[in-house]
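Here's the structure we're looking at; comments come further down.
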Amino acid sequence: MTGLVDAAGTAGEGALWARTVEPAAGDARTAPHEGQCLNCGAALVGRYCHDCGQSAHVHRTLGSLLHDLLHGVFHFEGKIWRTLPMLVLRPGELTRRYIDGQRARFVSPLALYLFTVFLMFASLSAIGPGDLSKSFAGGLGTLAPKLAKQRADGAAEIARMQRERGALAQAGRPLAEIDARIAERKADLAALSRMSGKIAAEPGKIKIRANADWIDRSLKKVKENPGLAIYKVQSAAYKFSWALIILSTPLVALLFLWRRSFGLYDHATFVTYSISFMSLTAILATCLLALGVSGGVVGWLLLIPPVHMFVQLRGAYGLRWFSALWRTIALLAFSVTALTLFVIGVIALEVSG
């Protein structure tokens, strides 16, 4: 229950931050008012004070407080409901129309990014770091049975190759190749046996070491308190999620170095809308897993990001099919690079600190 409350609070916080950076253009407004501005006393002409900018209409009812909350969190006035369908189905057109100046109709990239990223981390918080740490801690417990199965499979394969060797010997054929394969498989089986024996004898003393001190310190902290480590990494990822835009924008710009008509603003808009969609996909995956859908089925969602990138590239930059295809492949590699750098940075800041 606490996780759900925290998740709702996180989502609300993200929405309010999104509303803070979102332009007011295009929102529904009340009719014009006359009289004096209640803030500065200037004569009112129209819906806003021409002197201080305050709205002429001021709510003074309890219901208006609820309206302001819903307006700030969900932005019911229509822009979000025009933006989300286009982000999913026509992302390239959405990106291009916003870059070209249609700002009043759609939620800005930064506002949508803030809301979706905060909502994604809220959904992850609802699962709870405790559940994740249990899965992490239980990983070693499932390792021994897997090693036992691999040993059994290896022994069966060696027995099969021994029978094959006997048949070759009876036929008078060369045995050097089959002997080398048997020796190699026996060496693998011996290594598995040693690992299985160590896990069985000292399950709590398995050590994983790296050649870097900060990595070793991080691994030690994760082993001592996996729940806290996961929570710290999740919190840091939440705080520094904006860095994904900074990391990704120059990488996208590399794909258009010879296209002078596109600037960094175009690429940043593309990246921000794209990450917003990826956050929505992660939210969908989290919800499906929470509902008990198998990981194999949820794994099919991994096919969505490349298709979305391809469609967005074609629409946002007016590319031909082949130009969009090779850029999509490159963008996938760049995305993995940016995400890897981001994760390494978060772990270095939080776990090893």
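Once amide H atoms are built 1.01 Å from N in the peptide plane, which residues 5 or more positions from ALA56, or in another chain, come under 5 Å H to H?
Result for ALA56 returns TYR48, CYS49.
Taking θ = phi - 60°, what integer Hz values does the Karplus form 6.51 cos²θ - 1.76 cosθ + 1.60 yield along the stretch 328-344, in sequence order, with x for Gly and Pro?
5, 4, 5, 5, 4, 5, 5, 5, 4, 4, 5, 5, 5, 4, 5, 5, 4
At a probe radius of 1.4 Å, what is the per-residue accessible area of ARG151, in Å² to the nearest 10?
Number for this one is 100 Å².
Which residues' amide hydrogens lie under 5 Å from the amide hydrogen of GLN36, considering only partners 5 or more residues apart or on another chain, with H built in the peptide plane?
For GLN36, whose amide H was placed from the backbone, the distant partners under 5 Å are LEU44.
Quick one: length gained pulling ALA42 to LEU339 fully straight, 0.36 nm per residue minus the C-alpha distance? If you can, show how the numbers build up before the last one.
Values: separation 297, 0.36 × 297 = 106.92 nm, distance 5.19 nm.
Computed gain between ALA42 and LEU339 is 101.7 nm.
In nm, to one decimal, how far is the LEU257 label point from the ALA156 one, both placed 7 Å along Cα→Cβ?
So the two model labels end up 5.3 nm from each other.
Please list, in order along the stretch 265-278, the HN-Hα scalar couplings obtained from phi with the Karplus expression 6.51 cos²θ - 1.76 cosθ + 1.60 (θ = phi - 60°), rounded to whole Hz, x for Gly and Pro.
After applying 6.51 cos²θ - 1.76 cosθ + 1.60, I find 5, 4, 5, 5, 5, 4, 4, 5, 5, 5, 5, 4, 5, 4 Hz.
The values are calculated or read from the model by the stated rules, or taken from the named source; none is laboratory data. Values in this document were obtained by computation on a predicted structure and should not be read as measured data. Virtual Cβ from ideal backbone geometry, glycine too; neighbours counted across all protein chains shown. What goes into the accessible areas is simple: the full protein's heavy atoms, side chains included, and nothing from ligands, DNA or RNA. Shrake-Rupley method; radii C 1.70, N 1.55, O 1.52, S 1.80 Å.
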